[in-house]
Amino acid sequence: MGPWGTTTGWARLLLAAALAWAGCGGGAAADAPDDVAVPDDAREDAGRDVGAGPCIDFDRDGVCRGEDCDDENAAIRPGAPEVCHNGLDDDCDGVADEGCLEGTRAFFVDPDSLGGSCDDAHPGSQTEPWCTVAHANTTLVAGDTVYLRAGIYAGETIRPANSGKSAAARISYAAYGDEVVTFKGSVYCVRLQSRSYVTIRGIRFRDCERNLYLQASHHVNVGYCEFDNPGGPTTWAGSRIYEGSTENRIHDCVFSRYGNESGSAGAWEDNACVLDIGNDNAVDESDRNLVVRNTFFHGGHHVLGVYANRNVVRGNTFHNENWYPCHRPEMGGLCGNRNVILNTSFPDHNIRNVLDRNVIAFSGVPADQDSSAGLSVRTRDNIIRRNAFYHNDSSGLALSADGGNHNDASGNRVYANVFLHNGYPALDDWRPRQNGLMLARWVDDATHNPMVGVAIKNNVFHENQTYAIYYYYVDEAAQFVGGNREEAGDPGFVAAAGVPDPFDFGFYDFRLAPGSPCIDAGEFLTRTTNSGTNATVLKVEDPGYFTDGEGLVAGDLIQLEGQELAVAVTAVDDAAGTLTVAVPLSWSAGTGVSLPYAGARPDQGIHEFP
């Protein structure tokens, strides 16, 4: 192993728990997919490892799902070259971006003089290290890496005076080996203002007033870090990516505990969040950021907020059960809240985000209201797919329009998700909240935007209290609904009984067991409107189900009805109604289009059988 760190202490334990869910019901984390930490190929892979099922190779990279950690990206497979600084595990060895700091010009900060007596006047070698990160901040230039030796870095801030120049010439801060490096009590743990091409890896941050603040910055990679605030919040957002920050990658981190209650009887407030991207009160084009394989939990108002465009939130785990002290004795004096919120004051902005293969579970009772949803979406045209929503206090997913025409949840594509045991509010017995998925205009008047064109397809709803889907002042006929399993009895999951600990992501297994009624029970997401012969541009009824990856991840693989080949999407043009693919295809008008499927037609739920 090189001198850069991988994960440290608590992060390793929690990430292993998250990865275990991607394994087969608590199997070895090493078998889990590393570009995606939520159940997809690895659970099916585990079945193949014991001889179950045929070799399925959707991406045609020559590796079956039993060995491939991402069977929807041909560039990711065992033995593939590791692409540095993309935040993905290209070679399926369980670590992203390994070896990428080797060969850079190395310096050392060693406040406890573990390798040699420290002095900021020293050259910064391992035996003659610097004492402070502040000195490193003023010294590092593109191509430099500073390794931090074990110890407590009280009051220090990562705040480089310079930027890197490119992906190959970055400024990097990394824990040395597996040593535990802890920043503590700073006003800012990390503050980057108009900086680019910076890497931060393997560091713990405790009780900083502000954790990770990326302001007008781009191409910043933060991996294998921990941000935790047991002492409580001092501002609204524990971490922020804002003011036009783009193309940043946050991967394999743990973000936790930022929130509290304030106020008095009749005017209680839920305060603070763990991470916000963008700004819901101003136009902030903090677009095209990748948040992948992180563990998030315990926010005051919410855990993650997304208020920008075309961000990819993929393979993360979220839970926000009752955890912070509040005024509710009936809840044991503890409150929680929603997990994720997508909101805007500008209906034409904060759109086209992708939430894919996340766990969104255990929303709690907030301080200011009587219930909370797992995911609250008040913006248009997002892709919400292959997520697991379970044990949320109110709806697993709530699409809503608030007053003043400020926001609009029209046009969202919600497909291939699992909604299990949502809508059992601890304090609120209002039946419209007792569901897996709610579409709501809170008042039926001209000040609330109509919600139209929401696609709800191929989802599985099981054991939600009263309703699978509830429409509150929303016209069901104005949506596109089909191929769902709505409270129709046992869906035939491998394991979906009982109640897990919120930290146990290996408890449920949402693969389909042989004989499941969900097999081949879904429908094609859209259909072609033209015909083509050896062509690469398909006209379709709705291209909005798919993404070209936004330059952050590989574009979707799509598969046409009656064909076996899955091909990559290289461009999505909503205005023209077209999908451009990497490999020529032939098709007739009216042909179904889907993500890759293994049977006669797509399955319902997250996983394709076998």
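The values are calculated or read from the model by the stated rules, or taken from the named source; none is laboratory data. Everything numeric in this text was worked out from a predicted model, so none of it was measured. Using ideal geometry, Cβ is built from the backbone for each residue, glycine included, and neighbour counts are taken over all protein chains shown.
Residues considered: PRO514, PRO543. Of these, the only one that is buried (at least 21 other Cβ atoms within 10 Å of the Cβ) and over 28 Å from ASN435 (Cβ atoms) is PRO543. Applying the criterion of being under 14 Å from ASN449 (Cα atoms) and hydrophobic (A, V, I, L, M, F, W, C) to the residues of segment 378-409, the residue that is surrounded by the fewest Cβ atoms within 10 Å (Cβ to Cβ) is ALA401.
Of the residues examined, ASP112 is not one that is farther than 16 Å from SER172 by Cβ and either at pLDDT below 95 or in the same structural domain as ARG293 (by TED's automatic domain parsing) (or both).
In segment 438-478, the residue that is farthest from GLU541 (Cα to Cα) out of those that are under 23 Å from the mean Cα position of the chain (by Cα) and part of a loop (DSSP other than H, G, I, E, B) is ASN459.
Here is a yes/no grid of residues against (1) modelled with pLDDT of 95 or more; (2) in contact with a Gly (Cβ under 6 Å, 6 or more places away or on another chain):
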| site | (1), (2) |
| --- | --- |
| GLY436 | yes, yes |
| ASP444 | no, no |
| HIS462 | yes, no |
| GLN465 | yes, yes |
| ALA478 | yes, no |
| PRO500 | yes, no |
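VAL312 meets each of the listed conditions (1) at pLDDT 95 or above; (2) surrounded by 24 or more Cβ atoms within 10 Å (Cβ to Cβ) apart from (2). The set of residues from segment 138-171 being among the hydrophobic types (A, V, I, L, M, F, W, C), surrounded by 14 or more Cβ atoms within 10 Å (Cβ to Cβ) and in contact with a helix residue (DSSP H, G or I) (Cβ under 9 Å, 6 or more places away or on another chain) comprises VAL146, LEU148, ILE158. In segment 505-559, of all residues being of a type in the set (Val, Ile, Thr) and in a loop (DSSP other than H, G, I, E, B), the one that is farthest from ILE360 (Cα to Cα) corresponds to THR529. Can you tell me how many residues in segment 286-345 are closer than 23 Å to ASP252 by Cα and in a strand (DSSP E or B)? Final tally of qualifying residues: 24.
Just one of (1) over 20 Å from TYR258 (Cα atoms); (2) at pLDDT 95 or above fails for TYR307. It is (1).
A single entry from PRO129, PRO123 fulfils the requirement of being farther than 18 Å from ASN221 by Cβ, surrounded by fewer than 20 Cβ atoms within 10 Å (Cβ to Cβ) and either at pLDDT below 95 or not assigned by TED's automatic domain parsing to the domain that holds THR199 (or both): PRO123. The condition of being in a strand (DSSP E or B) and not β-branched (Val, Ile, Thr) holds for only one of GLY244, GLY238, that being GLY238. Per the conditions (1) surrounded by fewer than 24 Cβ atoms within 10 Å (Cβ to Cβ); (2) in contact (Cβ under 8 Å) with a residue 12 or more places away in the chain; (3) of a type in the set (Gly, Ala, Ser); (4) farther than 20 Å from ASN339 by Cα, the sole criterion not satisfied by SER245 is (1).
Of all positions in segment 371-382, at least one carries a residue that is on the phi > 0 side of the Ramachandran plot and modelled with pLDDT of 95 or more.
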